[in-house]
Amino acid sequence: MSNKAELHRQVVQKFLDTKAVDFAAAGKAIAELGPSVSLSEEPEDCFCWTMRTFFHSYRLPNPTGPLEDLGALRSATREL
Amino acid sequence: MTTPSIHFANDTWDEDDLVQRLCQTLDFAERALRQLADSGYTDEMEQEAAVRPEKLIAETGVLLLAASAVSSYAAIGPRILRVASLLAPHARSQRILRGICLEPAVAFDYATAHICLKRVGFYDSDFDAMLDLSAASNASDGRERAPHRMLEQEWLRQSWLYPEGLVRLRTTPTVTNSALNRTIDLFHGTREDVYCFTHALMYITDFNLYPRSLPRCRQILLAEAEGMLARCLDEQDYDLAAEVLLAWPLTGEDWSPAAAFAFRVIAKVEKAAGFLPAPTTRIARMKSLDKQTGSKYFLATAYHTIYAMGLLCAASLSPDRLPPQRIPKGTVRAGAIDTVLKHVDSETRRAHWQEEFDELEPMERESLADFVLGIGLHRAFGRRDFEAMQQLLAAGAALGITNTPIASQAAEIMSRVAQFANHLALDGPLGSQATSGFVPGISSNGSAREAVAAQAG
């Protein structure tokens, strides 16, 4: 798990660093289009919802690093 | 799965050591309640470090109930009382009561700690009256749940109705549909799949207090649990490893060589770190916080794994459930482990289990040949190195150690990979044609059909 999680984190960081996704622009577009599109479609075609999906937002669950060194954990937590 | 041989009472794990570990968990629970039960913990930098107070409160209740099975130990009983007294006002707070009042479909989730406290002798009839109203409402069954969550609801309801002793229920469709009655994907399954298995087992066995019948033969369940254990141990996912290990003391089966070894590994890890750690506890983050917040961060990120170890120690202290101190001798051909190890990629990373493995006596190492084969298969699959999988399967089949669910699933993967490769070869101008071959001695899921391992060219 830990190795995969670290890899996931690196992948996400890499994409964020490319600035390929402009989150501010995406948010602005959603704010502008969302209300009218949500209302204008048939009931089951919801904006940000099911059927015809206009916007996908993914978050990788629980990206954590590898297990820390056991001795270092012992001394770090002993101080608490 | 390697069959363990009979071992004698003086070979068992030191009882006092397990008692001490469980006491340490209960002391930790007391500390966690004091610091987190009011408002939990949130972290602006690390979302996964956050814990809601309701979750901690509910899981502390479950820990107390599990520990109550061994409350006769002089050091444990008073600690249970102390933590229970501390837990009760949080378990029955206005916040929890409001949840039960307004959200009947999740009333039993809110009431988990209350129900566990009731079972250890801490009653509250006023709180019961509110839960009674909510449980009787039209919307009380209004949430769709996964089978293991349905089992949890059944278990909570039974625990609430019969706190002095659960009625022995028949096998219901909920049990039949749960992970206990189906084989999980040991290679590509998620952590959540394993949690479905471990949690279903906790509810159906009632932590050794009033166990129900298992939907399948326990030897089959435990053979699959070994496949899960191979993965958790190699990935150093000790939270999950401790929960999977519960399968042995909760079903009452003798500890297999793999289970006994895994117990040794996590016991040693716990000793080395001072607690059983999870990767969510990051030293740098902890040190970046002031002492009080750092302490809360530690408790929030570590409590679940520490509780899992506490549950394991409590279950292992039940009569005749102590793990063996030495790895039971299995029926494995001499020299098998060296053959398997040649095929297990050492990688640059060395997991804790490998350090412990090196300290075993030769006979103990031999008993783990099929388990190490499973780890090797899992590693090879992680790299999508099908050639290595094929070599491991062939070596294992020659040694007669492939009669395990993980080897069966690996053989099935190879069969599918070969077919896929053939499909690609027919579709496009691949340089080589896939070939398929048989690895004798590997059966899939115990069925009569001949298992196939194929080599993707």
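The values are calculated or read from the model by the stated rules, or taken from the named source; none is laboratory data. This structure is a prediction, so every number in the text was calculated from the model and none was measured. No Cβ is skipped: glycine too gets one built from the backbone with ideal geometry, and neighbour counts run over all protein chains shown.
Here are some notes:
- Single condition B:Arg95 does not satisfy, out of (1) farther than 22 Å from B:Thr25 by Cβ; (2) at pLDDT 95 or above: (2)
- Unmet requirement for B:His304, which otherwise passes all of (1) within 20 Å of the chain's Cα centre (by Cα); (2) crowded, with 24+ Cβ neighbours inside 10 Å; (3) closer than 22 Å to B:Glu46 by Cβ: (2)
- Once the stretch B:76-94 is narrowed to residues that are closer than 13 Å to B:Ala58 by Cβ and in a helix (DSSP H, G or I), the residue that is farthest from the chain's Cα centre (by Cα) is B:His90.
- Residue in the stretch B:261-271 that is within 14 Å of another protein chain (Cβ to nearest Cβ) and closer than 19 Å to B:Val194 by Cα present: yes
- From the options B:Arg326, B:Arg333, B:Arg349, residue that is more than 30 Å from B:Thr251 (Cα to Cα) and either free of Cβ contacts under 8 Å to residues at least 60 places away in the same chain or more than 11 Å from every other protein chain (Cβ to nearest Cβ) (or both): B:Arg349
- Taking residues in the stretch B:154-175 that are at pLDDT below 95 and surrounded by 15 or more Cβ atoms within 10 Å (Cβ to Cβ), and partners anywhere that are among the polar types (S, T, N, Q) and assigned to a helix (DSSP H, G or I), the pairs with Cβ atoms closer than 8 Å and at least 6 places apart or on different chains are B:Glu154/B:Thr174; B:Leu166/B:Gln158; B:Leu166/B:Ser159; B:Leu169/B:Gln158; B:Val175/B:Asn181.
- Screening the candidates B:Tyr303, B:Tyr307 for the property of being within 24 Å of B:Ile57 (Cα to Cα), within 14 Å of another protein chain (Cβ to nearest Cβ) and at pLDDT 95 or above yields one hit, B:Tyr303.
Yes/no per residue for (1) at pLDDT below 95; (2) touching a His at 6+ places or on another chain (Cβ under 9 Å):
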{"position": "B:Leu360", "(1), (2)": "no, no"}
{"position": "B:Gln391", "(1), (2)": "yes, yes"}
{"position": "B:Thr404", "(1), (2)": "no, no"}
{"position": "B:Ser408", "(1), (2)": "no, no"}
{"position": "B:Gln419", "(1), (2)": "yes, no"}
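- Some residue of the stretch B:365-380 being surrounded by 17 or more Cβ atoms within 10 Å (Cβ to Cβ), farther than 19 Å from B:Pro257 by Cα and within 14 Å of another protein chain (Cβ to nearest Cβ): yes
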